Amino acid sequence: MSRDRRRKFWGWGFEDASPTTEELAPLTALVGMRFPDATLEATTPPTIDEISIPASRVSPPASLASAIDVSPLARASHTYGKSFRDVVRGLRRDFGAMPDAVAFPGDEAELVAVLSWCDERRIAAIPYGGGSSVVGGVEARSRDRAAGAVSIDLTRLDRVLEIDRTSRAARIQAGILGPALEDALRPHGLTLRHFPQSFEFSSLGGWIATRSGGHYATVLTHIDEMVECLRVVTPSGTIATRRLPSSGAGPSPDRLFIGSEGILGVITEAWMRVQDRPRFRTSTAVSFADLHAAAEAVRAISQSGLQPTNCRLLDPGEALLSGTSMSGDAVLVVGFESSDHALDPWMARALELCADHGGRFSAESGKTRVDLDGIGDEAVSAWRRAFLRMPYVRDAMVGLGLIAETFETAVTWDRFPEFDARVREATLAAATRLCGAAEVTCRFTHVYPDGPAPYYTVLAPSRLDRQLEQWMEIKCAAAEAILAAGGTITHHHAVGRDHRPWYDRERPDGFAAVLAAAKKTLDPGGILNPGVLIDPA
Ligand SMILES: Cc1cc2nc3c(=O)[nH]c(=O)nc-3n(C[C@H](O)[C@H](O)[C@H](O)COP(=O)(O)OP(=O)(O)OC[C@H]3O[C@@H](n4cnc5c(N)ncnc54)[C@H](O)[C@@H]3O)c2cc1C
């Protein structure tokens, strides 16, 4: 990533990369067709001079002066994550959750000093990696920041420190963002192979702290599986776990911190399991007239032991919105990758399973390509470009006054058909009642032998002055339906502050007590990311 380019302080990505009117034209035409009564008026993005900046309430010691920034731009940029709600608040010039300062520790000693200062003064300390949270994970809500709040930005801890080629692992600092991490591994023929859609602006520490999911459909896709060991700075001291390929020695200390969302400590580095870069790839699209037959095909593939890298089922609405198919069919994009061998037999068997459930595909489907440079062909590159542009497009749609929100979950196969019907019905009913018209679409982002991870998108016409209130009602309707029908409140977006009401009901009480005890031991002052996952005592 170029350090000369400026990132937007109110939304996704670089300031100079917003979509042009021409880039948005197909989408606005589609929205116009779907919602003919909607008035789409672009909102002018805020400038930093328009933002009201409250006086900072914290006075860092002189020894930390060079690591702490209280400038309006730094504070505004660290106020929110990148959710729909965050973008709307940014466009409304509402920066009410602004931290009092931003710390940029350059090494672990400086981080320890920042945390001790916050602990002594009872200042809320909020770890911040790439700031791509979509669940209110990095903001300082007023009730949680009585004595002030400091955002701790880890992006100066941005290096790959060591590579162990023999064990195929790398020791990596937590603040490194996706592209820099891959750039450092590439010359060694290695990759972490973890590509969440937020890859460009999210960090290793953020991935570990939120249990992020990459875009691969099966097996090594959750970051959890790639962590060999961790180093974590807590207000009660530093904890380092042991480097091991596996261990049965009691509950896993790594697993206590993986998914801890910044409430137990700040992850500073991790040994990560890396992989050889894939060279063999095959990928194809299969059409199905019936979504539930397509879901059965996906179930058959996920239970066959084939482990495709891509197994993305798009319902007809998703296929249309993403430009994959205009035919009204559901589309399954299925693909395999390997660094070692050609994949034709795997793809042939997956296509047989699709055919068993009425899937249609071209006779030429599924021949292995060898990508010596590891990049892939033009179609893959085009898909990748579109994937990376999508968050910019989402900001533009929000600025046009649409509700454009996604929510994700997971559920076992036995419940899926009824689950899907109930979640769609509840979400669509709420959105239509509030906005007059709405569209709810679904795709599978990940699949497991015992169930899929469905990802829903809601699109509805609104106006900037009503968007947040309407969004909240739609979000509640969807979340209630997900919980009632047996799903989880999040498969990979994390809990943060926004999912708390449902997470608190999903989580067993005994486990809540254990988590609270861990928090009390590691963070007795309750300064770390208050309000996330659990309330400090
Ligand atoms: C457009 C878009 C697409 C997305 N796509 C995906 C996706 O495909 N898969 C997915 O899983 N998620 C996705 N997300 C959600 C988000 O990117 C992930 O949750 C990601 O893991 C957050 O990483 P980050 O570095 O940006 O963390 P941040 O947003 O900075 O922080 C997230 C949480 O982790 C804590 N934290 C951050 N760094 C540390 C650290 N070093 N130590 C302790 N705690 C820390 C923070 O306090 C906060 O609670 C997407 C978000 C957006 C905006």
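Coordinate-derived values only; no laboratory data. What you see is a predicted model; the values in this text were computed from it and never measured. As a convention, Cβ positions derive from the backbone with ideal geometry for all residues, glycine included, and neighbour counts pool all protein chains shown.
Under a Cβ-Cβ cut-off of 10 Å, what is the net charge of the residues other than Ala319 that fall near it, where Lys and Arg count +1 and Asp and Glu count -1? Walk me through the numbers on the way to the answer.
Values: positive: Arg443; negative: Asp315, Glu318, Asp329.
Summing Lys/Arg as +1 and Asp/Glu as -1 gives -2.
Pop out the ³J(HN,Hα) list for the stretch 216-230 in order, Karplus 6.51 cos²θ - 1.76 cosθ + 1.60 with θ = phi - 60°, rounded to Hz; leave Gly and Pro as x.
Each residue of the stretch 216-230 in turn: 6, 7, 9, 6, 5, 10, 6, 4, 3, 6, 9, 7, 8, 6, 9 Hz.
So how strong a dipole does the stretch 117-246 carry about its Cα centre when Lys and Arg Cβ are +1 and Asp and Glu Cβ are -1, to the nearest 20 debye? Present the calculation step by step, with values, prior to reporting the outcome.
Values: 16 positive and 14 negative charges, 45 e Å.
Charge dipole, the stretch 117-246, about its Cα centre: 220 debye, nearest 20.
So what is the calculated 222 nm ellipticity per residue for the chain, using -39500 (n - 2.57) for each DSSP H run with n of 4 or more, over all residues, to the nearest 500 deg cm²/dmol?
So the calculated ellipticity at 222 nm is -10000 deg cm²/dmol.
Report, by chain and number, residues whose modeled amide H sits under 5 Å from the one on Leu157, excluding near sequence neighbours (fewer than 5 apart, same chain).
Amide H to amide H, under 5 Å and 5 or more residues apart or across chains, Leu157 pairs with Gly175.
How would the stretch 445-537 be classified by its alpha-carbon gyration tensor: rounded, prolate or oblate, with rounded meaning a/c under 1.5 and the a/b versus b/c comparison settling the rest? Spell out each step's value before the answer.
Values: a/c = 2.51, a/b = 1.42, b/c = 1.77.
Taking the square roots of the gyration eigenvalues as a ≥ b ≥ c, the stretch 445-537 is oblate.
Rank by packing, highest mean first: peptides 268-279, 22-33, 125-136, with packing defined as the count of other Cβ atoms within 10 Å averaged across residues. Can you show the working numbers first?
Values: 268-279: 20.8, 22-33: 13.2, 125-136: 26.5.
Going by the mean number of other Cβ atoms within 10 Å, highest first, we get 125-136, 268-279, 22-33.
Roughly how far apart, in whole Å, are the Cα centres of the stretch 114-184 and the stretch 1-72?
Comparing the Cα centres of the stretch 114-184 and the stretch 1-72, I get a distance of 21 Å.
Straight-line reach from Lys475: which lysines have a Cα under 27 Å away, not including same-chain ones fewer than 8 places off?
Leaving aside lysines fewer than 8 places away in the same chain, those within reach of Lys475 are Lys8, Lys82.
Could you work out the local net charge near Glu405, counting Lys and Arg as +1, Asp and Glu as -1, over the other residues with Cβ closer than 10 Å to its Cβ?
Working: positive: Arg85, Arg394, Lys475; negative: none.
Summing Lys/Arg as +1 and Asp/Glu as -1 gives +3.
Calculate the length of the line joining the C-alpha centroid of the stretch 214-247 to that of the stretch 462-491, in whole Å.
Using only Cα atoms to place each centre, the spacing works out to 31 Å.
Taking amide H atoms as placed 1.01 Å from N in the peptide plane, list the residues 5 or more away in sequence, or in a different chain, whose amide H sits under 5 Å from that of Gly130.
Under 5 Å from the amide H of Gly130 lie the amide H atoms of Ser203, Gly206, each far enough along the sequence or on another chain.
Can you tell which of Ala180, Ala479, Leu27 lies farthest toward the positive end of the dipole of the chain, using +1 and -1 charges on the Cβ of basic and acidic side chains (Lys, Arg; Asp, Glu)?
Ala180
Quote the charge dipole size of the chain about the Cα centre in Debye, to the nearest 20; the model charges only the Cβ of Lys and Arg (+1) and of Asp and Glu (-1). Kindly include the intermediate steps, with their values, before the conclusion.
On the way: 58 positive and 68 negative charges, 155 e Å.
Here the size comes out at about 740 debye.
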